[in-house]
Each structure stands twice: as structure tokens, then as C-alpha cells.
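The next block holds one structure in the form of C-alpha cells; read it before the comments.
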Amino acid sequence: MSLQKEILTPKYPHLLHGGDYNPEQWLDKPEILKRDIELMKKAKINCVSLGIFAWSKLEPSKDDFHLDWMEEIINNLYSAGIYVDLATPSGARPRWIAKENCEVLRVDERGKRAHFGGRHNHCMSSPYYRDRVAKIDMVLAKRFSDHPGVIMWHISNEFEGECHCDLCQQAFRRYLRDKYTTIGNLNRAWWTTFWSHDYSGFEEIESPKDSGENTVNGLTLDWKRFVTNQTVDFMNNEINTVKKYAPNIPVTTNMMGLSDVLCYPRLAQKLDFVSWDSYPNWHEPGQNTYEGALTSFTHDYMRCLKNRPFILMESTTSTVNWRPVCKIKKPGMHRLSMLDAIGHGSQSAMYFQIRQSLGGPEKFHSAVISHLDSDDTRVFKEVASLGEELESVSDIIYGTYNYSEVAIIYDKESKWALDGSSGPRNESLDYDRTCVSFYEYFWQHGINVDVIDSSASLDEYKLVIAPMLYMYHNGIEERIRKFVQRGGYVVSTAFSGYVNETDLCFSGNDADRKLSDVFGICIEEIDALYDEESNLTTFEGKEYPLHTLCEIVKCVDAKALSVYEKDFYKGFPVITVNKYGDGTAYHIASYSDQGLYDALFNRICDEAGIYGVLGNTRIPPGIGIVSRRDKNRIIVFAGNYTDERQIMHLCRNSVSPGRKAIYYINGDIAECDMYFDPFEMKMIMVK
Ligand code: GAL
């Protein structure tokens, strides 16, 4: 990790506060556009995303470009000190494009072409759509790239989805031919002789479908990879176009966190930085702490895609409109969730949307400026007060980085394969929840975590956890082996390392690829438990329940630290530890609750010399902690996700080794008893 200030937007290197702004809906009402700027200034907004869905107003008919209105808006914003994240409008096309060439409309897996409607639903392969997009992108880039107010490109919007048209089928076959060279290789990699599904040529291959080929796991996986590939290719065309005219303006696209539709590490490669849209389900009864951990985990995943700070591109000022039950944010939650994003590496707090639309499907989605058009609302005031706070701490926080000695591997392709696998448990193998349950220990102990793809380097870490990493690919097994050899700690869990990159099981001859020697165990069977069943294990004198999956493991070189206490496999190991090279490999053969993970990670962190940023301060449950730093100081973000007041007894001499005193971010020494109101975030500095 470089110790240099991480500057994402050189034209305006500050924390950004703002969001999606859709003035195209009010072009006939100049008084509203004037009022927008007035209210944005009051809310301390310094950046807006412009033009995301404005194509029909930018090019109302073919090659008839109307950019003056946009220029006027950019000028007015700039004069008011508001910068622009300029979008390419490819996320929603105007009607005339579909009328001119229906090739742009997606075909579903039954072969049915969609009618015009909605958004985010174009065919990524269509040469016609790519041409139209390149044209509008070029026109925008030529006109606006030199504008001092345009600080970044927002490429399209939330790329997602697949198309099964002939163009996509042909492109898929080309992709497979490049990958496997011969049909024989493909048949072997996909194990197609099972049920006599061998292909005799690439031309026979079709995308997977419920009504057709849906049992060849390799096909399903490669199709998902192909869909990512086509999307990346489409996106790169857009990036190349804007970069040609605006080489110095950074590009990003807004991702959707843990969404399964695309493999984001591939998308991230060509972006200057990652941005994402965060919509946690706050205030579902009893769920806030989990939601806090899940959101923090997702921020960490987004940051690690490029190993640098990111932009929180969208979030709510209060509520969404699209959940079964749309809760508003309770007082405090807005500040907490925005500062938490910043703690995890965001250089912004941005919202969907600045002004609430009067019509359309999102008219009840919250905004900075609501239908009341007033600055005297609870939501407006909370937004404005956050804006003011961000302005006051921007110089301290901007450009600092997150330093982590612990990594959790979160691998999208492995998840795809896991979800597609039949057995051992076909319901509730919730990969995301499993990964977050391992994350929670660190989040609640003030230990930063990198959430990394399996292709990432492990060199910088002391501890790597690979929960339920069903598929070993991307050379991860070799990197884990080397990591442990040179002294690292690794933890793997049940149902990890079972298959290769095309979802073929490792056999007895693949001991190396399964890392049998690193973990020093042989996994013989795996039992699945009904929700109402459980097993039991005792670790360091305390009993813990076990659920979901129970592997029956034999120790070869490893030592058992705890065993099953029920069923016929009573006495077989649950937690094993093995010394390998200079390092240590733990395996947990089942799943448990937080209690067991806390006990195990207390032990491992002790052994590995991993300390929480607040040392041995006892952190009350429901407080999530993360920190950013630079050469001189650490900024700690501690947030209370519960709706109860919490007290943290903080002693100045209990901070991590080498660190001396704790201050509030505004300079005073922090008192020893810290009171957290419900949903309160405190920013603390450790020097
Ligand atoms: C996002 C999308 C926005 C808006 C928002 C509503 O997924 O990018 O355009 O629809 O959801 O929550």
C-alpha cells in the first residue's frame, strides 16, 4: 500500500458530497433549476452526477444533439462551486434507437425479444448500440472534457444482465473457442459425457436455459464469465471513447456491491477507481447490526477491487421506494452510514437523488430536496449538517488509506459455482452471510479487514481467511501455500477447495491442489444438517453449537483442537491446526455462531500479533469499528448500530502498541468513558 495521498479526482481533491441530479426533468422550469442550486449550496453539496438518464434530451432524434442546456447547467453549477461527475447515458436509451434497430433490445433465454421499456436492458453485443453509444459519448467528451467543473466520468449506470440473441450466442461460441481451442478440451473440462451431453462442435453450443441445457455446470459458469466479458468489452468501448478526448479525466462506473450479476474484479481493471451504490436495509427489526457488518464488508470488498479509496456514488438520504417495506432512516442513521462508508475508504457521500421526481417509478424515493421543496425538513437538515461536517474534516481524511493485516477471500466465481452445485445442502448455503459471519469478529474488535478476490496477492497480510471457498482457481491454492510457507496464518472452513475452475471435483490425485498437505487433513465425507439439527463441540473449555455442514475429517499431520460430540462421527475433528513451513493452517470442518469464531480468532490474533486499533478496549456488541491512516495518525470510526445507548470504557494506555493518546477528531483528548447514543458515530484520532 503506497503511503502517498490517494487522490481520485485531481481537479477537486476533497471529500465529495452530492448525488444524482436529473435537471432534464425540469428543463421547462428554470425557477426550479435556480432553486436547486440555492438548496444544494445550503446542503454543502459540491458534486453532482449529471446526465445518467438524459439521452432523450441530449439526442432527441438521431444525430440531432442538444447540449446547450447541459452546458448551461454545468456552468451554473461550477459558478456555485459544484463539480460534475458526467455520465455517459447508455444505461437508458431513447425510444427512437429501439425503433430504428430492434437489435438493441435483449432476447430472453426462451428466445423472446423484449419490447421497448425500462432501462439497463440493452444487448451488450449489438454493434448498432455500441455505435450509437460511442457517438453520444464522443459528442459529450468533445464538448465537456475541458470544462474545469467536470471531474470524472460516470460510465453508464449499474451494468447488469444478459441477452440470449444470436449475436450473443455467436460471441459466446467465439469466447469458448478462444478459451478451449478444441471441442474435445471443452467436453473434458465440462464433463459432458455425463448423461451423453457431449458436443461435437462449437456451433452446437447455446447459452444455458431452464428449458434446455441447465445441468452442465461448466457451461453455466462459462456463460456467466462470458456475460461479464461482454459487459467489460462494452464498457471498455465507452471508456476508450471518452479517454480519447478526455485522457485526464478519471473514469468509474457504479457497481452494486455483492450483486451476483457480474464478476466485478474484471470490471474494475480498466477503471481509474471503483464506485458503488449502497442501499442497506436499515431498521428491519433486529437486523441493524448484521446490516452494518454486511455494509462494512461490502465497502471493504469495493475498496479492495483496486486497492485504493472508492466513491460512494449512490445511497439514500432516507428511504428507497423499491423494498417490500421501505423504512425511513431514523435520526443519526444517515450520518452513521455515510461516515462508516468514509471510514472504509470512500472519498464521498453521494445520494440518489438531489431532487425527488414528481412522476415515474421512483417518485417516492427519498432525495435531498423532497416534494416539499424545503430546507426545513429533518432529512434536509441531516444532509446539510453532514455536508458541513465533511467540509470541516475533508483535509484530515481525504487521501488517507485503510491498512489491513487481515484478509477475507470473497470470490464471485466460486460463489457462482457453489450456488450452481447440487448437494450437499441445496438450501440456505448462504455464502455472503457466511463470509460476513467471519468478518464480524474483526469489525467488532477494531481490526481492519481487506475483502479480496481470489486473484489478489496475499503478500501483505498476516492472516487470510477463506470461508466456504468451494472453488480453487486463479492460482489461489499456490498463493495460499506460499503464504503459509513464509509464515502466514490461514483459516479455511467446510466445503472449501472441492472443485477446480470448471467445477470438476478434485480427486485423490489432486492432493496438491486441495492443499491437503498445507492443512494436514483428509476430508472424507460431508454431512448436511437440517435447520432444526445441530452438533456440538467444546473449544478451550466452552461448548458451541454446530450447524449447516459437518465434514468428517481425518488428521494426517494436523492436530485436532476440538471434536464433534454427537452423531456417529463423534470424536472426529472440528477445528484442526497444522504447522506448514513457517506458517499455520487452521481448518474448521463445520459452521457455528459468533461465540466459536470469537474464541478461535482471539487465539489466532494473539499468536499472529494482530491488534485492534483500540487495543484491548472492550468494545460493546453492536459497535462496528474501522480506521484510516496516514504517516502521522490513525482516524478511528466507531459506530453504534444498536438502538440503545452504549458505553465504551476507553483507556488511553490501552491503544495498540506504539500508539499513545486518543483524541476526538476536533482535537480534544477523548474522555475515558465514551457514550454512544443510538446510531451515533464517533471519529477518534490515535497518534
Ligand atoms: C440505483 C440506480 C438509480 C436509482 C436507485 C434507486 O440502483 O442506479 O438510478 O434507481 O437505484 O434506489
Original post:
Among ASN229, VAL216, THR181, whose Cα lies farthest out toward the positive end of the dipole of the chain, if unit charges sit on the beta carbon of Lys, Arg (+1) and Asp, Glu (-1)?
Top reply: ASN229
Subject >> Alpha carbon centroid spacing (whole Å) that separates the stretch 64-83 from the stretch 181-206 >> reply: 55 Å
Original post:
Using the C-alpha gyration tensor of the stretch 532-687, what are the square roots of 5 times its eigenvalues, in whole angstrom, with the largest one first?
Top reply: 38, 20, 11
Original post:
Mean shadow of the stretch 532-589, computed from the convex hull of its alpha carbons, in nm²?
Top reply: 4.2 nm²
**OP:** Using 0.36 nm per residue of separation minus the Cα-Cα distance, give me the extension gain between GLU284 and LYS327 in nm, one decimal.
**Re:** 14.7 nm
**OP:** Give me the aspartates and glutamates in straight-line cross-link reach of LYS135: C-alpha distance below 13 Å, same-chain residues under 8 apart excluded.
**Re:** GLU59, ASP63, ASP64, GLU238
**OP:** Quick one: what are the phi-derived ³J(HN,Hα) couplings along the stretch 12-28, Karplus 6.51/-1.76/1.60 with θ = phi - 60°, whole Hz, x for glycine and proline?
**Re:** 8, x, 9, 4, 9, 9, x, x, 5, 10, 10, x, 4, 7, 10, 4, 8
**OP:** Mind listing the long-range amide H neighbours of VAL451? Cut-off is under 5 Å, sequence gap 5 or more, other chains count too, H placed in the peptide plane at 1.01 Å from N.
**Re:** TYR301, CYS304, ILE408
**OP:** Give the distance, in whole Å, between the Cα centre of the stretch 240-305 and the Cα centre of the stretch 108-169.
**Re:** 19 Å
Original post:
Where Rh denotes the Kirkwood radius from the mean inverse Cα pair distance, what is Rg over Rh for the stretch 268-348?
Top reply: 0.99
Original post:
Using the Cβ atoms and a cut-off under 12 Å, what net charge is assigned to the surroundings of ASN229, where Lys and Arg are +1 and Asp and Glu are -1?
Top reply: +1
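Below 8 Å between Cα atoms, with a sequence gap of 6+, how large is the relative contact order for the stretch 122-220 in percent?
23 percent
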Original post:
Could you state the number of Å between the C-alpha centres of the stretch 13-40 and the stretch 398-441?
Top reply: 38 Å
Subject >> Backbone HN-Hα couplings from phi across the stretch 203-213 [Karplus 6.51/-1.76/1.60, Hz, Gly and Pro as x] >> reply: 5, 7, 7, 10, 4, x, 8, 4, 8, x, 6
Original post:
When the Karplus curve 6.51 cos²θ - 1.76 cosθ + 1.60 is applied with θ = phi - 60°, which whole-Hz ³J(HN,Hα) does each residue of the stretch 262-279 get, with x for Gly and Pro?
Top reply: 9, 8, 4, x, 6, 5, 5, 3, 8, 7, 6, 8, 8, 9, 8, 10, 10, 10
**OP:** Collect residues whose amide H, placed 1.01 Å from N in the peptide plane, falls under 5 Å from the amide H of ILE369; neighbours closer than 5 in sequence don't count.
**Re:** ARG355, GLN356
**OP:** Can you tell me the dipole magnitude for the stretch 15-91 around its Cα centre, using point charges on the Cβ only (Lys, Arg +1; Asp, Glu -1), in Debye to the nearest 20?
**Re:** 440 debye
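Taking Rh as the Kirkwood radius, which is the inverse of the mean 1/r over Cα pairs, what is the Rg/Rh value for the stretch 90-130?
Details: Rg = 9.3 Å, Rh = 10.2 Å.
With Rh from the inverse mean 1/r over Cα pairs, Rg/Rh is 0.91.
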Original post:
Where nothing but the Cβ of Lys and Arg (+1) and of Asp and Glu (-1) is charged, how large is the charge dipole of the chain around its Cα centre, in debye to the nearest 20?
Top reply: 1560 debye
**OP:** For VAL251, list long-range residues whose amide hydrogen, built 1.01 Å from N in the peptide plane, is under 5 Å from its own amide hydrogen.
**Re:** TRP153, ASP272, PHE273
Subject >> Within straight-line cross-link reach of LYS209, lysines at Cα separation under 17 Å, skipping those fewer than 8 residues along the same chain >> reply: LYS112, LYS224
Original post:
How long, wide and thick is the chain, going by the Cα atoms along their three principal axes, in whole angstroms, largest first?
Top reply: 76, 74, 43
Original post:
With the Cα gyration tensor of the stretch 436-549 giving a ≥ b ≥ c as the square roots of its eigenvalues, does the rule (a/c under 1.5 for rounded; else a/b larger than b/c for prolate; else oblate) give rounded, prolate or oblate?
Top reply: oblate
**OP:** Eight or more residues apart or on different chains, and alpha-carbon atoms under 20 Å: count the Lys pairs in the stretch 1-110 matching that.
**Re:** 9
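What does the C-alpha gyration tensor say about the overall shape of the stretch 170-286? Classify as rounded when a/c is under 1.5, otherwise prolate if a/b is larger than b/c, or oblate.
Values: a/c = 3.50, a/b = 1.51, b/c = 2.32.
Here the stretch 170-286 falls in the oblate category.
When a/c reaches 1.5 or more, the comparison of a/b and b/c decides; with that in mind, is the stretch 323-478 rounded, prolate or oblate per its Cα gyration tensor?
It is oblate, given that a/c is not under 1.5 and a/b is not larger than b/c.
Every number in this text was worked out from the coordinates using simple rules, so none of it is lab data. Bear in mind the structure is a predicted one, so any value in this text is a computation, not a measurement. Every residue, glycine among them, receives a Cβ derived from its backbone with ideal geometry; neighbour counts consider all protein chains shown.
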